[in-house]
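For reference, the structure is listed below as structure tokens.
The values are calculated or read from the model by the stated rules, or taken from the named source; none is laboratory data. All figures in this text were calculated on a predicted structure; none of them were measured in a lab. Reconstructed Cβ throughout: ideal geometry from the backbone, glycine too, with neighbour counts over all protein chains shown.
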Amino acid sequence: MEKEQLSNTVKQFSPEYQSTLDEIDKISNLSQEEQGKYINERIKKLSDTAEKGEMSTRGKKVCNGFVGPDMLIRRNILVDPIVLDDPSLYQTMFETLKMFRGVEHMKDKTLRQLHIGLIQWTISKYFGNEIPYKETETENRNFYMERSGADSPEISISELKGKGFAVCAEKSSVAENLLVFSGLEAKLVVSTECRIPEEAEESGHYYNIILGPTQKFIYDPSNPKLVTNSNGKLINYNPAMYRISDEDYEKLMNGGAVTVVHVDTEVSDGIEKNIESRRVYGGVK
């Protein structure tokens, strides 16, 4: 991990956010049993006020805040929905934070500095895949088709744990809960008018919007910023976050699209080269 690659500081957010991060930092030093108690209490508190319903490209397009067990997330309308009902997700976050603290250049950083990087790495650790590969979509589709039927139950997110083929619906849903669990205000969004990269055809995509008093960001956990060598081999990856204006945010909430500049990095003979591309995130219609 490069020295500054995970220092994605989210500034000027609420005092409650900092207070929750301090709480999580403290809990991370306790036993797994104590962590489990904290996780269960926090999930219960957040679930009590969570929205209900079903998200899909043809249904509800936004979930505000925590994705509770009464919110169904549908990858597409042809398959059964998932439910976020696995407390071990948050235990994975504590394990990842412990790993971070064991890295020399990260041990003295604040959790606020490490936060979004922590969430990105937690998602990868939980699902078992950092980025999508050529086979990911096929494996994911087969998983759902094997479990879908007229009277089949919802699918627990735990069934995808460690399988290595999670895509945007699962990753952004999990990201939403990790963001809110750790004190941020966020929205989970699904739109049929995303183009990633810009030259691609429009398609359905789940992503997150992080909200603060003075700053807003699009966060796309399923398509991180890549660090590769000259042969295209993945060396590292960083969270894909894009600052947006209040006008951009209103545009997204009213069906418009926002174009952002995405930067990957290629490292060759110790020299870093930034590779820019553009992405289009569709809004809510």
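The C-beta contact set for region 151-179 (first residue of a type in the set (F, W, Y), second residue not in a helix (DSSP H, G or I), distance under 9 angstrom, 6+ apart or interchain) comprises F165/G128; F165/N129; F165/P132; F165/Y133; F165/E135. Give the number of residues within region 41-87 that are of a type in the set (D, E, K, R), at pLDDT below 95 and in contact with a Phe, Trp or Tyr (Cβ under 9 Å, 6 or more places away or on another chain). Residues that pass the stated criteria total 2. Listed here are the strands (runs of 3 or more DSSP E) enclosed by region 203-277 that have at least 1 residues being farther than 26 Å from Y17 by Cβ, among the β-branched types (V, I, T) and in contact (Cβ under 8 Å) with a residue 24 or more places away in the chain: 225-229, 234-238, 258-268.
Report whether or not A200 is surrounded by fewer than 16 Cβ atoms within 10 Å (Cβ to Cβ), on the phi < 0 side of the Ramachandran plot and modelled with pLDDT of 95 or more. Walk me through how you get there before you give the answer.
Values: surrounded by fewer than 16 Cβ atoms within 10 Å (Cβ to Cβ): yes; on the phi < 0 side of the Ramachandran plot: yes; modelled with pLDDT of 95 or more: yes.
Criteria met by A200.
The residue that is surrounded by the fewest Cβ atoms within 10 Å (Cβ to Cβ), counting only those in region 99-120 that are among the hydrophobic types (A, V, I, L, M, F, W, C) and in a loop (DSSP other than H, G, I, E, B), is V103.
Residue count for region 84-98 under the criterion of being surrounded by 20 or more Cβ atoms within 10 Å (Cβ to Cβ) and either in a loop (DSSP other than H, G, I, E, B) or β-branched (V, I, T) (or both): the result is 3. For region 145-155, the criterion of being of a type in the set (A, V, I, L, M), within 19 Å of S222 (Cβ to Cβ) and over 15 Å from the mean Cα position of the chain (by Cα) is met by at least one residue.
Listed conditions (1) surrounded by 22 or more Cβ atoms within 10 Å (Cβ to Cβ); (2) over 25 Å from I24 (Cβ atoms); (3) out of contact with any Lys or Arg (no Cβ under 7 Å at 6 or more places or on another chain) are all met by N231, apart from (1).
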